[in-house]
Every structure is written in structure tokens, then in C-alpha cells.
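Below you'll find the structure, written out as C-alpha cells, and then a few comments.
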Amino acid sequence: MVLLNRALENSKASFASGEFIAKLSRLVRLVTDSQNALSNDDLTSYYSEGLLGILVELGIQTEIIDNPIKNAPPFLIGERIESSELKTILLYGHGDTVPLQKGLWYDGISPDELKIIDEKIYGRGVADNKGQHFINLMALRSVLKTRKKLGFNLKIIFEMGEEIGSPGLFELCEIYKDYFKSDVLIASDGPRVSVDVPTVFLGSRGAINFELEVKYREGAHHSGNWGGVLRDPGVRLSHALSVIADKNGKILIENWKPTSLTAEVRDRLKSLPATISETLEIDENWGEPKLSPNEKLFGWNSFSILALKSGDIDVPVNAIQPSAKALCQLRFVVGTDTNTVISSLRDHLDQHGFKDIKIITENSINFEASRTNLNNIWLGKVEQILEEFNGDKIHVIPNLAGSLPNNCFTDILNIPTIWIPHSYKECSQHAPNEHVPIKLFRDALLLMTNLYWNLGQND
């Protein structure tokens, strides 16, 4: 107990001294926008200039690996093996971010310069995902500094392409399956259910993006001279969309509905706070009827129209447009037959008289849904440790409402996955003014220090 307290004091000291913030600032200054990177060298600098120092402190033998997919960003892998008899924990994180969106942040804030305002840490990547995996590394450092060992083996995977669909990650896990052999993945991404209560989730919803397009002719035609005798693609497309989901967002394609909302999952979701957000009022009557908000978010599928286009809304002309297009997305949980999502959509549109609607799936970014069993022994162990430290129940959800490449680990490496997020829902992830409260980061650092300590084996 004395040594554990010393490890916790080491973590507290990294905040009190300013070391934590200074090191995180250096990570934020490294611009790692994977969507607009001029070269992979710009992304790889995050490994050499950002992570290398603390990885050396942790005694991790690292190697930068070329991506199995040509021209995709490389990976950083590594290991610290203390004993073949010890359990092995796999750590994952991604250093790439979405675009900076300079000029759209609060006055006085540049997204590539960490800034603290009103006890909140601002900067691109502080929530997604630089700050989250940095917390885990600093917690590991405190354990090692105090105990002179981790008490378990550690393996790492870092990537620089998560925001563009993790190209090559699945292939990497397949190629290095033996190297990555571990007992459990413990990683951090996404938000907590409530800002002050630790959360554990076991997987993620998947996502399938596709476009719907209707095109009748070349060029626009005067709406007075031709209105009433030429088919309007915007009208046709809007009606086609209405047969996919009704006016209240209920999915109307039966094959798009999951089979995994079991009594066990419902019981876990009942224990969560009824209020989804502390700042944003949700629409209670939107989505699948008779489901609670938490069941809709974590246990069901949702259909969204991400973008619609027919003509130019900012510069309209009195003309019937030649075409209309919608970018659509299905978010789905495990228990959804993803092999038939597009074919079911095609059949559904055809049956409702919309054979003229084209479905485009090329170049879409898709994630598979995945979920570790709620009865997994590692969940029980982690949940107990976190609750004893927290002094109260934590929140456990079957999967994140968003998407991440969790199935790489569950399906290819065949290991259970425990995700412990260090952010909150109002963090403005993927938007201007991305931030995390200082208190949340400080608490998370202590939480993870305690977790790693208790997962480690003492002499």
C-alpha cells in the first residue's frame, strides 16, 4: 500500500510540477492531420519527436513498421517483456487527428498550441487521442518508477491513420499476430458516460457509409419552361430517403435491425444515468420507439443523412437540377448482418418504386461493430479495481456509440478489449474548441496508475 501511494504521488507530482502539461503541449504542437498530411514523414514525426522519450523511459523496445498498404502511414510497435510467466497487456493509441480548423476556434486559441482556459485544456488532439494515450503512458511510468517493474508484460500499437479508417491496421495485426499475442487490450478513446464517473466500454458500433444518387440528364433546365414535365431528382431522392427511415428516425428496413439487445445488455444499460447529456437536450421521440435513450445509443442502430445536395443553396437558380445526391450512414451494433446491408437497401428501394436511385459504395470508410462478452473475466477484474479506487460504482457500457477499429483486436488477435475513456461528451471532438477538463485528466491519470499497479504482479 505504501508503494502504491508513492506511485500515485508520482502521478500527482507530474501535474503539480507542470511536467504533464508541458509534455502534452509538445504532442499537440506536432500537426498530425492524417486527412491532409503532405507526406507520411509529417505523421511519423509524432513517433520520433512525440512518443519516443517516454517509451524509452518505459524500457519498451520499439520499431517503426511500414504500412502493409502502399502509401499509408507507418505503425509504431513495441514490447517490454518482464517474464514469460506474466500476463501481457496490449496498449493501443492513435496520434493522428482531424483537420485543425484554424480560425474557427475561440478567439485567442490556436489548435496546434495547447492552452488552458477556465480549468480546461484546449488543443487539437487533447481528447482524440493524444491526451488519452499519453495519460496511460504516464501512468505506466509512475508504476515503473516506483516498483522498478510493471509486474506484467506490455506490448504497444500506435497508428497515424485512425481518422482515415485505420488503413493497414487489420493487415498488420494479421501479419504480426504472434508478436501481438496478449491476454487483454486496455486502451483509451471516446467519452465517459458522465464527466465525473469512470467508464468502461467493451467495443464499438460499426459504421457503413454509402451514397444515394439520382441523375436524369445533363445540365439544369428552366423551372418555368420545364417544370411539371421533367422529373425533379431532388423530389425523387427525398421520397426515397423517406422509405429508409420514417419521419421520427425509425429504421424501416427490417434487415438493418440488430438481434443483440439482450436482457443482459438491457440490464447494464439500465444502470446508466437517464440523462444522456448535461448540456444538450435530446429528442425523446426520435429513433426506435419503446427504447430508452441509452438503448438507442448503445444497443441499437441508427440511420443518418450526413449531407444532401441538389443545386447550390447559397446561389440558387430557377432551374430543375439534373441530379441529386445524399451521403448516408448506418451506425450499427453487433448482431447486424453487415453482408446484406447494401443488398437489403437495394431490394427495399426497388420494392418501393425507386429503381432509379443508384447506390454508391466506392471509397467509403467503414468500421465493423465488435463487443467483448460482458461476462469476460478481465471486465470483472478491471471493474472491481476501478470501483474500489473510485469509491462507488462505475459506468459499464457494452460498446461505444461511435466507431473505432476494435474488431482488429477481438477478431484477429482474439483477445478481450477493455476501453477506459479519458474524455467527456462535450469535449468538441472533431470540432473547433476540442478540450478536456484538467480535473478529468488528473483523475484519469490517478485512476490508470492505480489500475496498472493492481494488475501487476508483486514479488
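Just a few scattered comments:
- Unique match (being surrounded by fewer than 16 Cβ atoms within 10 Å (Cβ to Cβ), more than 30 Å from Thr340 (Cα to Cα) and of a type in the set (A, V, I, L, M)) among Ile385, Ile420, Ile377, Ile359: Ile377
- Some residue of the range 167-177 being within 18 Å of the chain's Cα centre (by Cα), at pLDDT 95 or above, surrounded by 24 or more Cβ atoms within 10 Å (Cβ to Cβ) and of a type outside the set (Asp, Glu): yes
- Taken together, the criteria place Phe180 among residues that are assigned by TED's automatic domain parsing to the domain that holds Lys381, of a type outside the set (Val, Ile, Thr) and farther than 27 Å from Asp392 by Cα.
- Unmet criterion (only one of (1) under 32 Å from the mean Cα position of the chain (by Cα); (2) surrounded by fewer than 17 Cβ atoms within 10 Å (Cβ to Cβ); (3) in contact (Cβ under 8 Å) with a residue 12 or more places away in the chain) for Glu218: (1)
- Yes/no for Arg205 being surrounded by 22 or more Cβ atoms within 10 Å (Cβ to Cβ), more than 30 Å from Ile357 (Cβ to Cβ), in contact (Cβ under 8 Å) with a residue 40 or more places away in the chain and charged (D, E, K, R): no
- From Gly335, Gly311, residue being surrounded by 12 or more Cβ atoms within 10 Å (Cβ to Cβ), more than 24 Å from the chain's Cα centre (by Cα), on the phi > 0 side of the Ramachandran plot and in a loop (DSSP other than H, G, I, E, B): Gly311
- Only one of Leu349, Leu379, Leu374 that is in contact (Cβ under 8 Å) with a residue 12 or more places away in the chain, among the aliphatic types (A, V, I, L, M) and over 23 Å from Ser260 (Cα atoms): Leu349
- Selection from the range 336-372 of residues that are out of contact with any helix residue (DSSP H, G or I) (no Cβ under 8 Å at 6 or more places or on another chain), at pLDDT 95 or above and among the polar types (S, T, N, Q): Ser343, Gln351
- Scan of the range 14-37 for residues that are surrounded by 16 or more Cβ atoms within 10 Å (Cβ to Cβ) and in a loop (DSSP other than H, G, I, E, B), ordered by number: Leu30, Val31, Thr32, Ser34, Ala37
The values are calculated or read from the model by the stated rules, or taken from the named source; none is laboratory data. On a predicted model such as this, the values are computed, not experimentally measured, just so you know. Note that we place each Cβ from the backbone using ideal geometry, even for glycine, and neighbour counts take in every protein chain shown.
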